[in-house]
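The values are calculated or read from the model by the stated rules, or taken from the named source; none is laboratory data. Since this is a predicted model, take the numbers as computed values, not measurements. Cβ coordinates were reconstructed from backbone atoms using ideal geometry, including for glycine residues, and neighbour counts include every protein chain displayed.
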Amino acid sequence: MLPDGRLIAPHPIADDGDELHFCSTCAFGSVCLPAGLNKTALNDLHLLVEHVGPFHTGDHIFRSDERFAALFAVRAGMVKTRQVDDEGHEQVLGFHLPGEMIGLDAIHPAKYPCDAIALDTVYVCRFSFPALSTLAAKIPDVQQRLFDLLSADIGKSNRFSGDHTADERLAAFLLDLAGRYAARGFAANAFRLVMPRADIANYLRLAAETVSRVLRRFQDQGLIHVDGRELELVDKAALQKMARHILRD
Amino acid sequence: MQTHAAFDPGLIARYDVNGPRYTSYPAAPQFHAGFDEAQLRAVAHASNEDPIPRPLSVYVHVPFCLSPCFYCGCTRIITRDRNKSPIYLQRLHREIELTAPLFDRDRSVQQLHFGGGTPNFLDRAQMAELLETLAQHFSFSRDAQREFGIELDPRFCDAEYVRALAPLGFNRVSVGIQDFDPDVQAAVNRIQSVAQTRAVLDAARESGFRSTSVDLIYGLPKQSLAGFARTLDEVIALAPDRVAAYAYAHLPQRFKAQRQIHAADLPDAATRLRLLGLTVEKLTEAGYRYIGMDHFARADDELARAQEAGTLQRNFQGYSTHGGCDLIGLGMSAISHIGTSYSQNAHDLPRYYAALDAGRLPVMRGLALSEDDVIRADAIAQLMCQGRLDIAAFEARHGLDFQLYFDAGLRHLRKLARDDLVEITPQALHVTARGRYLLRHIAMCFDAHLAREAAPAVRYSRVL
C-alpha cells in the first residue's frame, strides 16, 4: 500500500523481475532456469535482457520497415500492432498484454512488418535477436520455446477475418482477452479495455458504433458490465456459446 | 425528513463561513488558462473512445436580459436592444458547427438545457432556427425520457411563446420566481406577479411539458419569515414538480449589480437558516422531498426516484437524473464537463466572438482532473446526492484505504459529527437530518483545493 492509503497500480504489470530474477510472465524464464541459466548467467553471456520504457500513449516501440534486431516482451501496459496501407488506411493486427511477445513476425525478411504502438504507459523487455539465436543454438529448450511462440503467433492472426456476426466477434474478443489475462495470472473476469473503441472496431472489422451497440446490448442482457473502460464478464457461459465458432480451439 | 432542527447561535457562528456550492469539484475558481483548445479537443476525442461512450448533455447559454435583477450572479448582459441576438446567434451557430463534429454521431443528446441570462430573450423564429441547427449537428435522442429544458422569465414571455416551445422538443420548463413579497421584489428590481407566473406554468402543462420547476432565493434583502411563508404558500398552490430554493450569494465585489443591494437590508445568518428551515418544513408538508442543498421534488418526480435508486447526480444546474453524460456547454461563459475535465468559454462577448471569428473554439480556461480530484469528487457527490457514503464500496472503486486516504478530512469531519451533522461508522458516513442544511460544510472536509487556498472568502459565497 502507498503511504497515502492508495493500493498499488490497478492495472496489471509484470514487473516482479529484477537484475537477478525473471519476471513471472517472462516467455523465456521458464526454459532458461531449468537449463541452469539464471539472469546472472545470461548477463555473463552478454545476453542481458534489457528493460526498456516507459513508452507513453502513442509512442512507437518499433516502426514498420525498421531493421529487425530484437524481440520484445510486454512487461506492463498494452501494445497495439498495426499496418497502414498506401492510402493511409489502418488495419489493427492485435493487442498485446503483459507477458506477450511482439516482433516475432519480423524475423524474415529481417524488418518489422508493422508498427508497435503503446496504448498506455508501457514497459517492455528487449531480447537482442542475434543473442537469442545463439542461446537457442546452445539450449534446445530455448529453441523449442521460440518455435512454440512462433507457431502460436501464426495461429492467432486473422481469427476475425471469417464470416462472423458482430455478436460472435465481440464475444470472442472479450473471452480471448480474459483467457490471456488468466493465463498470465491476472484477474480473468474483470479487466480494463485500454484500447480505444475505434481500435477494437478496426480489429474486429466492425463499425465503432456497432461495437458500442453490441456491448450495450450485452450489458442489458446481463452478460457483461461496463463502467467507463472497466469491463466485467458476468455470464461467461453465454458468451462462450456465442463465440464457439470463432474460438474453436 | 424531520422538520428543521434547532441551531444555537454558537453553532451558527461556527458554520457561517464561505465555501463553494460544489456544482463541480474542483470548483470553478480552480480552472486555469493552461487548459486550452488543444486540450479540449483531446478530451473530446478521448471521450469517443470508451467501449460505450457516454451520451451527451448540451447546455446553451443565452446571456441577454432585458432588465437587471440586483441579486444576480450569473454571467449576463443587460440590454433592451433585440438586435444583439442575431449577432450572438451567428456565433453560436458557428460554435455548434465547430463543436459537434468532435463527438461521434452515435452519441445521442439525452439532455438539453437552455439557461441564461434569459433564454426567452430570443424570439420564436430564432429559437426554432437554433433548435434546428442543434438537431442537424448533434443526434438528438428519440427516447421519451430525454430531458429538454428551458429557463423562462415570465415577465417577458406569454402563453403563446411557451406553447410554441413544445413542438421544438422542449419538455421541461424552469421559471424564476425568487420571492413574491412586493418589498423584496422592489429591493431586487424584479416585479413579477403570481398571475404572470401561473400563465407560463399553465401554458407549459397544457402544451404537454412533462415537468415544471420554479426557482426561489432565500437570503434576499427585506426578506422576512412571514413574507417568505406567504410566497411558499403561493408556490405550493402553483404546484410545480420541482422547487429550487437557492441561498443568495452576496458578493458585491464580484457582481456589480449586487452593489445596488444595501447590506443592512440582508437577513442575518440565523434568519437565513430559519428561512431554509421554513422552506423545508412547508414544502415537505406539501408532499415535496428535500433532495439536498437547494432542491425539492415531488415524491413521484424522477429526481426523488433517482435519489432512492442511488443514481442522482449533481451538476451545474443543481441535481440531475442523467448521470454519466458528457456535458457540452455552448455560448458565452458556458461550462463543459467532458470525461474528467472541466472547461469554460470566454466570459465576455468580445473574446467569445473573436475566438469564433478566427475559427477557434472559444474555450478560455479549464481543468483536467487529477486522480485525487476524481476520488474526492466521488466522495463529495456521494454525500451531496445520496447523503451517504459506503466505505467498502468506495475503497473497492478507487483502490484505497478510506481512513488513511482521507485522514485529514476525517479529522475535520469528526468535529462536524460532534455537532450532529454527520454520523461516522466503520462502514459508512451518513448525513444527518441536521447535516442536510450544511452539506457544503460536509463536502468542504473532502476539498483538497480549499485547504491550499489563501483566501477563500473572496471567491466563495456564505455557506449559510
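Within the group B:Gly339, B:Gly329, which residue is under 17 Å from the mean Cα position of the chain (by Cα) and buried (at least 17 other Cβ atoms within 10 Å of the Cβ)? Working first, answer last.
Details: B:Gly339 fails: under 17 Å from the mean Cα position of the chain (by Cα).
Unique residue meeting the criteria: B:Gly329.
Out of the residues in the stretch B:413-430 meeting the condition of being farther than 17 Å from B:Ile380 by Cβ and not in a helix (DSSP H, G or I), tell me which one is nearest to the other protein chains (Cβ to nearest Cβ).
Out of the qualifying residues, it is B:Pro426.
Within the stretch A:66-108, track down each residue that is within 16 Å of A:Val122 (Cα to Cα), out of contact with any helix residue (DSSP H, G or I) (no Cβ under 6 Å at 6 or more places or on another chain) and either in a loop (DSSP other than H, G, I, E, B) or not assigned by TED's automatic domain parsing to the domain that holds A:Ala118 (or both).
Across the stretch A:66-108, the qualifying residues are A:Gly77, A:Met78, A:Pro98, A:Gly99, A:Glu100, A:Gly103.
Per-residue answers, yes or no, for (1) touching a residue at least 60 places away in the same chain (Cβ under 8 Å); (2) not aliphatic (A, V, I, L, M):
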site	(1), (2)
B:Leu361	yes, no
B:Gly366	yes, yes
B:Glu371	no, yes
B:Ala377	yes, no
B:Leu383	yes, no
B:Asp401	no, yes
B:Arg414	no, yes
B:Ala417	no, no
B:Glu423	no, yes
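Taking the criterion of being closer than 30 Å to B:Glu423 by Cβ, assigned to a loop (DSSP other than H, G, I, E, B) and within 14 Å of another protein chain (Cβ to nearest Cβ), would at least one residue in the stretch B:371-392 satisfy it? Steps first, answer last, please.
Going through the stretch B:371-392, the residues closer than 30 Å to B:Glu423 by Cβ turn out to be B:371-392.
Filter again for assigned to a loop (DSSP other than H, G, I, E, B), leaving B:387.
Checking which are within 14 Å of another protein chain (Cβ to nearest Cβ) leaves us with none.
Checked the stretch B:371-392: no residue is closer than 30 Å to B:Glu423 by Cβ, assigned to a loop (DSSP other than H, G, I, E, B) and within 14 Å of another protein chain (Cβ to nearest Cβ).
Please pick out the residue among B:Leu404, B:Leu410 that is assigned to a helix (DSSP H, G or I), surrounded by fewer than 16 Cβ atoms within 10 Å (Cβ to Cβ) and of a type in the set (A, V, I, L, M, F, W, C).
On the way: B:Leu410 fails: surrounded by fewer than 16 Cβ atoms within 10 Å (Cβ to Cβ).
Step by step, each of B:Leu404, B:Leu410 is checked, and only B:Leu404 is assigned to a helix (DSSP H, G or I), surrounded by fewer than 16 Cβ atoms within 10 Å (Cβ to Cβ) and of a type in the set (A, V, I, L, M, F, W, C).
Which pairs do you get when a residue that is at the interface with chain B (Cβ under 10 Å from one of its Cβ atoms), found in the stretch A:175-198, comes within reach of a residue that is part of a helix (DSSP H, G or I) and among the polar types (S, T, N, Q), reach meaning Cβ atoms under 7 angstrom, with the pair 6+ apart or on two chains?
A:Arg197/A:Ser212
I want to confirm something. Restricting to the stretch B:94-106 and keeping residues that are charged (D, E, K, R) and closer than 20 Å to B:Gly324 by Cβ, which single residue is nearest to the other protein chains (Cβ to nearest Cβ)? Spell out the reasoning first.
Just the residues of the stretch B:94-106 that are charged (D, E, K, R), to begin with: B:94-95, B:97, B:104-106.
Filter again for closer than 20 Å to B:Gly324 by Cβ, leaving B:104-106.
On the way: B:Asp104: 7, B:Arg105: 8, B:Asp106: 4 Å.
Only one residue fits best here, namely B:Asp106.
Scan (1) surrounded by fewer than 17 Cβ atoms within 10 Å (Cβ to Cβ); (2) aromatic (Phe, Trp, Tyr); (3) within 12 Å of chain B (Cβ to nearest Cβ) for the single condition A:Phe147 breaks and write down its number.
With (1) surrounded by fewer than 17 Cβ atoms within 10 Å (Cβ to Cβ); (2) aromatic (Phe, Trp, Tyr); (3) within 12 Å of chain B (Cβ to nearest Cβ) applied to A:Phe147, the lone miss is (3).
Can you say whether B:Arg376 is more than 19 Å from the chain's Cα centre (by Cα) and surrounded by fewer than 17 Cβ atoms within 10 Å (Cβ to Cβ), as far as the supplied structure shows? So that I can check it myself, show each step before the final result.
Details: more than 19 Å from the chain's Cα centre (by Cα): yes; surrounded by fewer than 17 Cβ atoms within 10 Å (Cβ to Cβ): no.
Answer is no for this residue.
Considering each of B:Phe148, B:Phe114, B:Phe209, B:Phe121 in turn, give the residue that is in the same structural domain as B:Ile338 (by TED's automatic domain parsing), touching a residue at least 12 places away in the same chain (Cβ under 8 Å) and over 23 Å from B:Leu303 (Cα atoms).
Details: B:Phe148 fails: over 23 Å from B:Leu303 (Cα atoms); B:Phe114 fails: over 23 Å from B:Leu303 (Cα atoms); B:Phe209 fails: over 23 Å from B:Leu303 (Cα atoms).
Exactly one residue qualifies, and that residue is B:Phe121.
Quick check on my filter: what residues within the stretch A:94-116 are closer than 24 Å to A:Ala187 by Cα and either surrounded by 20 or more Cβ atoms within 10 Å (Cβ to Cβ) or of a type in the set (A, V, I, L, M, F, W, C) (or both)? Spell out the reasoning first.
Of all residues in the stretch A:94-116, those closer than 24 Å to A:Ala187 by Cα come to A:94-102.
Passing the criteria: A:Phe95, A:His96, A:Leu97, A:Pro98, A:Gly99, A:Glu100, A:Met101, A:Ile102.
Starting from residues that are over 15 Å from B:Leu122 (Cβ atoms) and either within 14 Å of chain A (Cβ to nearest Cβ) or of a type in the set (Phe, Trp, Tyr) (or both), keep the ones in the stretch B:60-93 and report whichever is surrounded by the fewest Cβ atoms within 10 Å (Cβ to Cβ).
Looking at the filtered set, the residue picked out is B:Phe70.
In the stretch B:219-314, which strands (runs of 3 or more DSSP E) lie fully inside it and hold 2 or more residues that are in the same structural domain as B:Met384 (by TED's automatic domain parsing) and either over 22 Å from the mean Cα position of the chain (by Cα) or surrounded by fewer than 16 Cβ atoms within 10 Å (Cβ to Cβ) (or both)? Let's see the steps before the verdict.
Numbers: elements: B:242-247, B:288-292, B:295-298.
Result: empty, no element qualifies.
Could you go through the stretch B:107-114 and let me know if any residue there is within 14 Å of chain A (Cβ to nearest Cβ) and over 23 Å from the mean Cα position of the chain (by Cα). Let's see the steps before the verdict.
Within the stretch B:107-114, the subset within 14 Å of chain A (Cβ to nearest Cβ) is B:107-108, B:110.
Add one more test, that the residue is over 23 Å from the mean Cα position of the chain (by Cα), and what stays is B:107.
Yes, that holds for at least one residue.
Looking at A:Leu223, A:Leu247, A:Leu170 in this structure, which one is in contact (Cβ under 8 Å) with a residue 60 or more places away in the chain and either out of contact with any Lys or Arg (no Cβ under 6 Å at 6 or more places or on another chain) or more than 13 Å from chain B (Cβ to nearest Cβ) (or both)? Reasoning before the result, please.
Working: A:Leu223 fails: in contact (Cβ under 8 Å) with a residue 60 or more places away in the chain; A:Leu170 fails: in contact (Cβ under 8 Å) with a residue 60 or more places away in the chain.
Just one listed residue meets the conditions, A:Leu247.
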